[in-house]
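K.L.:
Got a structure for you, questions after.
The values are calculated or read from the model by the stated rules, or taken from the named source; none is laboratory data. On a predicted model such as this, the values are computed, not experimentally measured, just so you know. When we count neighbours, we look across all protein chains shown, and the Cβ atoms used for this are built from the backbone with ideal geometry, even at glycine. We work out accessible area using only protein heavy atoms, side chains counted, and drop any ligands, DNA or RNA first. Shrake-Rupley method; radii C 1.70, N 1.55, O 1.52, S 1.80 Å.
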Amino acid sequence: MQIKVDSELCTGCESCVSSCPYDAIVMIEGKAFINEYCQLCKACLNVCPEGAIKEYFVNERIESPSLTPGAAYRGVLVFAEQRQGRLSQVSFELLGAGRQLAGKLGVELSATLFGCGEAEARELVSWGADKVYLCGDENLIAFNDEPYTELLHRLIVQHRPEIVLAGATALGRSFLPRVAARLRAGLTADCTSLDIEDGSRNLLAIRPAFGGNIMATIICPEARPQMATVRPKVIKKGSYDTCRTGEIVNITPPTTASRTKVIDCIKDDSLFTINLQEAEVIVSGGRGLGNAKGFEMLKELAVMLNATVGASRAAVDEGWISYSHQVGQTGKTVCPKIYIACGISGAVQHMVGMQSSDIIVAINKNPEAPIFNAANYGIVGDVYEIIPLLIKRIKEFKGDGGAASCEKA
Amino acid sequence: MKIVVCIKQVPDTTEVKINPQTNTLIRDGVPSIINPYDLHAIEAALDIKEMMDASVTVLTMGPPQAENALRDAAAMGADDVALLTDKVFAGSDSWATAYALSCAIKKVGYDLIICGKQAIDGDTGQVGPAVAEFLNIPHVSYVSKFSSLNGDAITVRRLMDDGYDIVEVSLPALITVVRELNQPRLPSLKGKIRAKKIEIKRLNHTDINVPPKNVGVEGSPTQVKNIFAPAVKKDRRMLEGTADHQVEELIEALRCIRCI
């Protein structure tokens, strides 16, 4: 594939030049030209008012023996994650996502579990797996890249699933790339949504790109399996049913000696004392607060709403509040009942961390702020005017108490 | 010890904005920088060099202007810098990028490879572990501390979602590092002068014996199908009027959902 400017159509308006993240579009003799810096990111494709920027497909894909044709691959496989012998929540979310994809494709949903027993494997069946490949070897309780890579690679080669999903956790993001490299398979990182393309069996893996300023749909047209890591807390869990039946298949432990040795696993909650992920209500602040004092005001509101305080990366980078409060791509993914965003513009890197909240309230000066796209309730206004008013009104409301409301009624 | 640091030149994505009318990226005046996590990787290599006999080679794959990132790395103190650049590399995904880098690293030689945990433009974090796989060496991701280091093995602290692990890995190995590991140094004046004159080794696909069918668009298993702006929520309600009125409506909404 190539991206070129049709010089017949180009009017020389230069509107495409600044759209390129790689500075690959230059003006030559009054016409736009895409030079060798082009990374084929497609950011320019819809920019041209004349439609002069086009994709050109050449029949250029040379037969490559290692790219296996897709026909031989069937089924969806989920890597179920455990920490210290307990199943992680993301495993149930992956089964929820996997169930939908398997349903659309009319295939089986299987899961694989390392370092746990039959009880946990049964749990995966209740969450939707038709089959669980279980390796109960206790050496696998602690996560280690090499044996995990060997086992998952072996399973994929044996059972040939067309889709393989894992959590975009520290663990999944560490060893899945090795498995994909070994298989010459396409792996899409940190997906926030998955679907099947109409008219083909291709997985549509949707993820934020360019630091979260825009979303991208990634496909693997030829290579199989199609692999993806999925962000925790973004996709809803499947239904839980203990009556479900499924097969549990025990598999043999890895055979190769590992060159990495896990000496100790330390659970350290002090890194995460702010329990954003369990919070039902989050009051979050961003650059729009202007200073650290703004967070004092948010804390006051949070106490009244029994909420936890969150923050955008911009606010954390400014040093107004500690990293443990950060919500978004490089912070925590949260899913509270109510998320109140104060002075947060809403870069996608923040949005992917909070967009699955049930109700989102956005307060921002700028009516064009992308946060309003995700909001259920939007207020265009100054946080320093709105929040104090809100605090005052809640105080009055609570001060009145039930009796006062009755009197009014 | 021969240390190779892989870096990437990226647009400073905190400065990239989106045009709400056209849903396209606006990149006017956005600077190109060394990926922030890679600065910690360079610092880690220079730290080791101060403790023992070691050389530090910084490698990047990218268009010709990525030279600037390499000069910045040389200013910090890298001994050698190399640029992997070739038209056939354009459009490489994480698989193809890791493949090309691994071939270049083989050519350069290595005992320890250090990468940042991810690049801020792609945010995949996949290239480091995949390079280790292609070289058939072990790797440890998300390293936040070095506990011990000798010629045969290193012991590191690996940051996990619920705490950390202590991991020992035999050399040669690859590690990816997080911000908590160190504070990257600023280039010295002497370093800047040296960086201006340093010879940048240029490598193309034939120099590293890479067949074009394994890199670029052709060698990449994944493709971008399309890019789009996030959708507007269907049940959005903008609260209008004076601040008092807006707050009144919000209170009403919060009451309905039993928040207060």
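K.L.:
Suppose the filter is open to solvent by 30 Å² or more (accessible area, probe 1.4 Å), of a type outside the set (D, E, K, R) and in contact (Cβ under 8 Å) with a residue 60 or more places away in the chain; does residue A:84 pass it?
P.N.:
Yes.
K.L.:
Filter the stretch B:108-124 down to residues that are over 18 Å from residue B:169 (Cβ atoms) and part of a loop (DSSP other than H, G, I, E, B) and give me whichever is farthest from the other protein chains (Cβ to nearest Cβ).
P.N.:
B:109
K.L.:
Hey, among A:330, A:308, which residue is within 30 Å of residue A:147 (Cβ to Cβ) and not aliphatic (A, V, I, L, M)?
P.N.:
A:330
K.L.:
Limited to the stretch A:228-257, what total is found for residues that are more than 22 Å from residue B:160 (Cα to Cα) and outside any loop (DSSP other than H, G, I, E, B)?
P.N.:
Going through the stretch A:228-257 one residue at a time, the tally reaches 4.
K.L.:
Let me ask something additional. Which of the residues belonging to the stretch A:144-170 are facing chain B (nearest Cβ under 7 Å) and either of a type in the set (A, V, I, L, M) or not in a helix (DSSP H, G or I) (or both)?
P.N.:
A:169, A:170
K.L.:
Moving to a separate point now. For the list (1) within 20 Å of the chain's Cα centre (by Cα); (2) more than 10 Å from every other protein chain (Cβ to nearest Cβ), I need the number of the one condition that residue B:157 fails.
P.N.:
For residue B:157, the failing item is (2).
K.L.:
Another one. Do you know which residues across the stretch A:158-173 are out of contact with any Asp or Glu (no Cβ under 6 Å at 6 or more places or on another chain) and without any contact (Cβ under 8 Å) to a residue 12 or more places away in the chain?
P.N.:
A:158
K.L.:
What helices (runs of 4 or more DSSP H) completely inside the stretch A:258-364 contain at least 1 residues that are acidic (Asp, Glu) and open to solvent by 10 Å² or more (accessible area, probe 1.4 Å)?
P.N.:
Counting at least 1 such residues, we get A:293-305, A:313-317.
K.L.:
Of all residues being under 13 Å from the mean Cα position of the chain (by Cα) and either at pLDDT 90 or above or not assigned by TED's automatic domain parsing to the domain that holds residue A:159 (or both) in the stretch A:195-215, which is surrounded by the fewest Cβ atoms within 10 Å (Cβ to Cβ)? Just the residue, please.
P.N.:
A:206
K.L.:
So, in the stretch A:1-40, exactly how many residues are within 33 Å of the chain's Cα centre (by Cα), assigned to a strand (DSSP E or B) and not β-branched (Val, Ile, Thr)?
P.N.:
Matching residues across the stretch A:1-40 total 2.
K.L.:
I'm trying to understand the selection: among the residues of the stretch A:25-44, which are of a type outside the set (Asp, Glu) and more than 8 Å from chain B (Cβ to nearest Cβ)?
P.N.:
Passing the criteria: A:25, A:26, A:27, A:28, A:30, A:31, A:32, A:33, A:34, A:35.
K.L.:
May I pose another question? Scan the stretch B:164-171 and give yes if some residue there is open to solvent by 70 Å² or more (accessible area, probe 1.4 Å) and either touching an Asp or Glu at 6+ places or on another chain (Cβ under 9 Å) or within 10 Å of another protein chain (Cβ to nearest Cβ) (or both), otherwise no.
P.N.:
Checking the stretch B:164-171: not a single residue is open to solvent by 70 Å² or more (accessible area, probe 1.4 Å) and either touching an Asp or Glu at 6+ places or on another chain (Cβ under 9 Å) or within 10 Å of another protein chain (Cβ to nearest Cβ) (or both).
K.L.:
Please pick out the residue among A:332, A:395, A:337 that is in contact (Cβ under 8 Å) with a residue 40 or more places away in the chain, more than 28 Å from residue A:192 (Cα to Cα) and out of contact with any His (no Cβ under 6 Å at 6 or more places or on another chain).
P.N.:
A:395
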